[in-house]
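Presented below is the structure to which this report refers.
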Amino acid sequence: MEYAQRRKLQSQETERKILYAALELMRERGFDKVSVRDICKAAGITTGAFYHHFSSKEALLEHGFAPLDDYMRSVLENSGDESPDQRLWRLLSAYGQFMEHSGELIGRYYQQRIAEPGTKSMDPSRYTLRSMVECFRQAEREGILAPGHSPEWIADFCFRHFRGVVVDWVLHGYSYPLLPRMEEDYRLFVTLFHA
């Protein structure tokens with residue numbers, strides 16, 4: 001492996017260590033009670049290394065969904081034999097569980113997104129969205145996807161809807177269990193599949 005390639009991989013690994021350390025600390029203590037120094041100590045890095053990757057603690061939120069994509073990848077890696085509706089529920093329930101586990105951080109993330117108009121929170125290259133698109137493509141290949149829209153459009157619509165459910169949960173102060181609400185809405189979405 002070339003030096004430049006090794007350095008790039010090392011940099012990505014350091015960034016992930018920072019993100020995971022911050023995520024765990026912030027889940028335990030809350031965003032405001034965690035300092036950059038706390039994150040560095042938990043990640044086993046210097047503050048200089050932190051600031052090489054992130055301009056501030058708030059900047060972590062911009063990259064905070066890399067752990068979500070990693071989590072989704074681990075949950076979905078053995079779902080190849082599932083039907084599209086089973087895989088869609090696996091994807092949505094994992095998404096909901098991650099959100100519930102992250103709690104206040106999700107609220108912070110969306111506050112930041114709203115405060116910075118024009119930022120793109122759902123990059124089409126992200127694993128979570130690509131997995132949803134593939135789920136609807138499989139349904140289309142199997143002839144069970146309701147006609148009228150492309151798998152890409154349906155996946156985008158589905159993701160926007162469930163992201164909205166999460167935002168509603170945040171706006172209600174995390175006062176209701178998220179997963180049952182998502183399951184109720186999922187039952188409507190599976191009507192996109194027909195016999």
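The values are calculated or read from the model by the stated rules, or taken from the named source; none is laboratory data. Keep in mind the model is a prediction, meaning the values are calculated, not measured. Note that each Cβ is placed from the backbone with ideal geometry, even for glycine, and that neighbours are counted across all protein chains shown.
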For this session: Give the stretch 142-180 a look and list any residue that's among the charged types (D, E, K, R) and free of Cβ contacts under 8 Å to residues at least 40 places away in the same chain, or say none.
Result: Glu152, Asp156, Arg160, Asp168
For this session: Give Phe189, Phe159 a once-over and let me know the one that is within 30 Å of Glu24 (Cβ to Cβ) and either in a helix (DSSP H, G or I) or not assigned by TED's automatic domain parsing to the domain that holds Phe31 (or both).
Result: Phe159
Problem set entry | Selection within the stretch 64-113 - hydroxyl-bearing (Ser, Thr, Tyr) and under 17 Å from Trp169 (Cβ atoms) | Ser93, Tyr95, Ser102, Tyr109, Tyr110
For this session: Please name all residue pairs, on different chains or six or more residues apart, with Cβ atoms under 8 Å, provided the first residue is in the stretch 15-28 and is among the aromatic types (Phe, Trp, Tyr) and the second residue is buried (at least 19 other Cβ atoms within 10 Å of the Cβ).
Result: Tyr20/Ala43
For this session: Could you please tell me which pairs satisfy a Cβ distance under 7 Å, a separation of 6+ or placement on different chains, a first residue in the stretch 98-117 that is under 21 Å from Leu179 (Cβ atoms), and a second residue that is among the hydroxyl-bearing types (Ser, Thr, Tyr)?
Result: Phe98/Tyr71; Gly103/Tyr174
Exercise. Tally time: how many residues in the stretch 84-103 are within 22 Å of Ile144 (Cα to Cα) and loosely packed, with under 15 Cβ neighbours inside 10 Å?
Worked result: 1
For this session: Identify the residue in the stretch 13-38 that is buried (at least 16 other Cβ atoms within 10 Å of the Cβ) and acidic (Asp, Glu) and, among all such residues, is farthest from Asp69 (Cα to Cα).
Result: Asp38
Exercise. Of everything in the stretch 114-131 that's under 14 Å from the mean Cα position of the chain (by Cα) and at pLDDT below 80, which residue is nearest to Leu25 (Cα to Cα)?
Worked result: Ser121
